[in-house]
1. Just the accessible area for Met37, please: 1.4 Å probe, Å², rounded to the nearest 10?
2. Met1 versus Asp24, label points 7 Å from Cα toward the beta carbon: distance in nm?
3. Which listed residue (Gly25, Val10, Leu43) has the Cα farthest towards the positive end of the charge dipole for the chain, taking +1 on Lys and Arg C-beta and -1 on Asp and Glu C-beta about the Cα centre?
4. What does the convex hull of the alpha-carbon atoms of the chain project to on average, in nm²?
Amino acid sequence: MAQTIIIDPVTRIEGHLAVEVEVDGGRVVNAKSMGMMFRGLELIMKGRDPRDAAQLMQRICGV
């Protein structure tokens, strides 16, 4: 009989991530991940010099 393991949320990453794994007899038989990576921070960089990204995003995001 298969067992489903759900890890939600996965932490220490940018955005939100969930992982669902189906295990049967010690083997992974099905796995899927669901993520939402758009947080709107990209809009702040629109029209800016790409070299500004490191300075701005590390202060806003905190990751």
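The values are calculated or read from the model by the stated rules, or taken from the named source; none is laboratory data. Keep in mind it's a predicted model, so treat the numbers as computed, not measured. Quick reminder, even Gly has a Cβ in these numbers, built from the backbone with ideal geometry, and neighbours come from all protein chains shown. When the accessible area is computed, the model is the full protein with side chains, heavy atoms only, and any ligands, DNA or RNA have been set aside. Shrake-Rupley method; radii C 1.70, N 1.55, O 1.52, S 1.80 Å.
1. That residue has around 100 Å² of solvent-accessible surface.
2. Placing both labels 7 Å along Cα→Cβ, they lie 1.4 nm apart.
3. Leu43
4. 5.5 nm²
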